[in-house]
1. Please check: in the Gaussian network model of the chain (C-alpha springs, under 10 Å), which one of 30, 61, 90 has the largest mean-square fluctuation.
2. Where does helix 9-22 land angle-wise versus the long Cα axis of the chain, in degrees 0 to 90, nearest 10?
3. Would you mind checking the tilt of helix 59-71 against the longest principal axis of the Cα atoms of the chain, expressed as 0 to 90 degrees and rounded to 10?
4. Along the Cα→Cβ direction, 7 angstrom out, place labels at residue 72 and residue 41. What is the inter-label distance in nm?
5. Each label point is 7 Å from the Cα along the Cα-to-Cβ direction; what then is the distance between the points at residue 61 and residue 97, in nm?
6. Between residue 104 and residue 54, what is 0.36 nm times their sequence separation minus the Cα-Cα distance? Round to one decimal in nm.
7. Among the lysines, which fall within straight-line cross-link reach of residue 92, defined as a Cα-Cα distance under 27 Å, with same-chain neighbours fewer than 8 residues apart omitted?
8. Using a 10 angstrom Cβ neighbour count of at most 16 plus a DSSP loop assignment to flag exposed chymotrypsin sites (Phe, Trp or Tyr not before Pro), which longest range of the chain is free of such sites?
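Each reported figure results from applying straightforward, stated rules to the coordinates on display, with no laboratory input. Here the structure is a predicted model, which means the values were calculated and not measured. With ideal geometry, Cβ positions are generated from the backbone for all residues, glycine too; neighbour counts draw on all protein chains shown.
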Amino acid sequence: MLDEAKGRWVDELPHVLWTYHTTPCRSTGKTPFSMTYNSEAIILLEVGFLTLRTNIFDPDKNDQLLQESLDLIDERREVAMVQLAHYQQKLKQGYDMGVKVRSLVPG
């Protein structure tokens, strides 16, 4: 995406980074933002419109909820690591299916 922007890459970089941080990884099924902060990012469109997510937001309770979710972040990361190991095992199985076994003999 930045290759197409040429001289405008400084303007495009925040959009590219936002996309990267809010797109779920195939290996973990989680977004990098959610793995870091243990919550999903709100897109700018949600800020401008009343949605259920923005409508029920309470700033006073937010700090308490963030603290509680940070207590559970280690568990969430462990679940992501298990999912990553499963993903890597499936990749290995797919690769191994294409490998032909050859016995090596002298000469």
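1. Among 30, 61, 90, the largest mean-square fluctuation in the Gaussian network model of the chain belongs to 61.
2. Around 80 degrees separate the two axes.
3. Taking the Cα atoms of the chain, the angle to 59-71 is about 20 degrees.
4. 2.2 nm
5. 4.7 nm
6. Going from the current span to full extension adds 11.5 nm.
7. 30, 100
8. The segment 58-107 is the longest one with no such site.
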